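Just so it is clear, none of the values below were taken in a lab; they were calculated from the coordinates. Since the model is a prediction, treat every value here as computed from it, not as a measurement. Neighbour counts run over all protein chains shown; Cβ positions are idealised from the backbone, glycine included.
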Amino acid sequence: MAFRKKSTKNPPVLSHEFILQNHADLVACVGMFFVLGLMFEGTAEASIVFITLQHSVTFPAAEERATESKFLYYYGIKDLATVFFYMLVAIIIHATIQEYVLDKINRRMQFPKAKQSKFNESGQFSVFYLVSCIWGTFILISENCLSDPTLLWRAHPHNMMTFQMKFFYISQLAYWFHAFPELYFQRIKKQDIPRQLVYIGLHLFHIAGAYLLYLNHLGLVLLMMHYFVELLSHICDLFYFSDEKYQKEFSLWAIVFILGRLVTLIVSVVTVGFHLAEGQNRNPDAIGGNVNVLAAKIAVLSSSCTIQAYITWNLFNVQLQRWMEEDTTLQAPVVKKKRTKGRSSRKGTENGVATSNRVDSPHKRKEKSS
């Protein structure tokens, strides 16, 4: 007699389901190799490339009272290793928020499957945009960008950045690169993948462009305005998922959305117009950060205008879809009532005719018998 195999809920090791369920633990194990590498002399130099920021330059203290030297950074090929490590960190944080926050809310609210993916997406982006807005605002205040707006088009030295500025851009690139494997880990539907790829690719293109062209302050200001509007958008979506009655109350965020796009275009035009106001460089050097030429200005302005037009067009499409869904939901009960009334009247007439026939049939029988 053959023994029955015990049914186990855990999938087999290294199977498709096993990787999806335990991807955060697997990624954490990979990240621990780099951390443990710091403990050994032979691997410490290689591990430092992944964990700490590279390509630093030491400058002596400018003031007499200042005793500490100043560290500035430029970009290089080693930044790819740093982006890869913090991409692993982003995957772990993403899974932690999903498991301990969003999944618990999903169980309590009992959302249908159609709303669960949208709720998870809005929840993850809300946390990311909130942290990025707070962090970016702190950098703008510490580097006096709000008190001195001219830093948007002049920064000395123009081909260097501070530690917090470079770490912010490395983290941003790591987050948006981590969104590619998350399409697989979160089991995104095939029809939603093209939209997600375009959304991720546009963010990577503009963040990497600002980082490589040393337009750090301009890119940071534009990111803060963009992230703030997106944060309001996803917060409104979260309220809408919790209760659909909030749809009309939070529809005013579209006004803030359009104003944010207009301010972004104005800041882009003014900054690029006054960028390095001393005049255009005759010998531009993109690697050294000297990109003050007409072609570079046109490229920056055209990309900024294109992304704003694309995002605004998507807003109109999403809003139109929601209005159409609301109209269908309002018209559906009316049609059902009309149909039920017609059916009930038909049934009533049929029943009346049947009962009348049943009542008249005995009299007719008596008449025939008489």
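Of note:
- For the listed peptides 201-212, 174-185, a ranking on the average number of other beta carbons within 10 Å per residue, highest first, reads 174-185, 201-212.
- What you get for the range 99-245, charging only the Cβ of Lys and Arg (+1) and of Asp and Glu (-1), is a dipole of about 480 debye around the Cα centre.
- Ordering 19-32, 220-233 by mean Cβ neighbour count within 10 Å, with the highest value first, yields 220-233, 19-32.
- Label-point separation, residue 142 to residue 39 (7 Å along Cα→Cβ), nm: 3.1 nm
- Farthest toward the positive end of the dipole of the range 114-220, out of 150, 133, 123, is the Cα of 123, where the dipole comes from beta carbon charges about the Cα centre.
- Note on the range 72-118: Cα convex hull, mean projected area over all directions, 5.1 nm².
- Annotation for the range 133-229: trypsin sites (Lys or Arg not before Pro) lying in DSSP loop with at most 10 further Cβ atoms inside 10 Å of their Cβ are 187, 189.
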